[in-house]
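Peer 1: This is the structure I have questions about; it appears just below.
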């Protein structure tokens, strides 16, 4: 059991090699930052992608679906696509849809 504990301390860098936490933050703890960067990039992609496909959404309000928080790419800016997205939004987020479209059924 002591060998397993020593191995765990060695791998995570918390066994006081060159200071109490130096080995941890320069080794295993540095992976937290790498993970934060990776998941931030994924989050930004998810936030700024088209609602219908994988492409980035148009910025500046060009691909904005009126009455929703959705944005679309250059391929999905047709009226039919926007109408279907409005219906999806109404079904998926009824309270938000009601808030964004007061008085509209």
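Peer 1: Answer yes if at least one residue in region 55-62 is under 20 Å from residue 97 (Cβ atoms), at pLDDT 85 or above and in contact with a strand residue (DSSP E or B) (Cβ under 7 Å, 6 or more places away or on another chain), and no otherwise. Steps first, answer last, please.
Peer 2: Of the residues in region 55-62, the ones under 20 Å from residue 97 (Cβ atoms) are 57, 61.
With the extra rule that they be at pLDDT 85 or above, the set shrinks to 57.
Narrowing the set further to residues that are in contact with a strand residue (DSSP E or B) (Cβ under 7 Å, 6 or more places away or on another chain) leaves 57.
For region 55-62, residues under 20 Å from residue 97 (Cβ atoms), at pLDDT 85 or above and in contact with a strand residue (DSSP E or B) (Cβ under 7 Å, 6 or more places away or on another chain): present.
Peer 1: Now, a different point. Got a number for residues in region 43-75 being in contact with a helix residue (DSSP H, G or I) (Cβ under 8 Å, 6 or more places away or on another chain) and either under 25 Å from residue 104 (Cα atoms) or in contact (Cβ under 8 Å) with a residue 24 or more places away in the chain (or both)?
Peer 2: 11
Peer 1: Still on this structure, I have one more. Scan region 66-95 for residues that are within 20 Å of the chain's Cα centre (by Cα) and either part of a loop (DSSP other than H, G, I, E, B) or loosely packed, with under 14 Cβ neighbours inside 10 Å (or both) and jot them down.
Peer 2: Here is the first cut: in region 66-95, the residues within 20 Å of the chain's Cα centre (by Cα) are 68-73, 89, 92-93.
Hits for region 66-95 are 68, 69, 70, 72, 73, 92, 93.
Peer 1: Suppose the filter is in a helix (DSSP H, G or I) and either more than 30 Å from residue 100 (Cβ to Cβ) or touching a helix residue (DSSP H, G or I) at 6+ places or on another chain (Cβ under 9 Å) (or both); does residue 18 pass it? Let's see the steps before the verdict.
Peer 2: On the way: in a helix (DSSP H, G or I): no; either more than 30 Å from residue 100 (Cβ to Cβ) or touching a helix residue (DSSP H, G or I) at 6+ places or on another chain (Cβ under 9 Å) (or both): yes.
Here the answer is no, as residue 18 does not meet what is asked.
Peer 1: Inside region 21-58, can you point out the residues that are surrounded by 10 or more Cβ atoms within 10 Å (Cβ to Cβ) and in a loop (DSSP other than H, G, I, E, B)?
Peer 2: Within region 21-58, 21, 27, 28, 29, 48, 50, 51, 52, 53, 55, 57, 58 qualify.
Peer 1: Would you confirm, using the coordinates I've provided, whether residue 87 is farther than 30 Å from residue 25 by Cα and either out of contact with any helix residue (DSSP H, G or I) (no Cβ under 8 Å at 6 or more places or on another chain) or modelled with pLDDT under 90 (or both)? Reasoning before the result, please.
Peer 2: On the way: farther than 30 Å from residue 25 by Cα: yes; either out of contact with any helix residue (DSSP H, G or I) (no Cβ under 8 Å at 6 or more places or on another chain) or modelled with pLDDT under 90 (or both): yes.
Criteria met by residue 87.
Peer 1: Now, a different point. Being farther than 30 Å from residue 91 by Cα and modelled with pLDDT of 90 or more is true for just one of 24, 28, 38. Which residue is that? Explain how you work it out, then say what you get.
Peer 2: Numbers: 24 fails: modelled with pLDDT of 90 or more; 28 fails: modelled with pLDDT of 90 or more.
Going through 24, 28, 38 in turn, the sole match is 38.
The values are calculated or read from the model by the stated rules, or taken from the named source; none is laboratory data. None of the values given here were measured: they were computed from a predicted structure. So basically every Cβ, Gly included, is an ideal-geometry build from the backbone, and we count neighbours across all protein chains shown.
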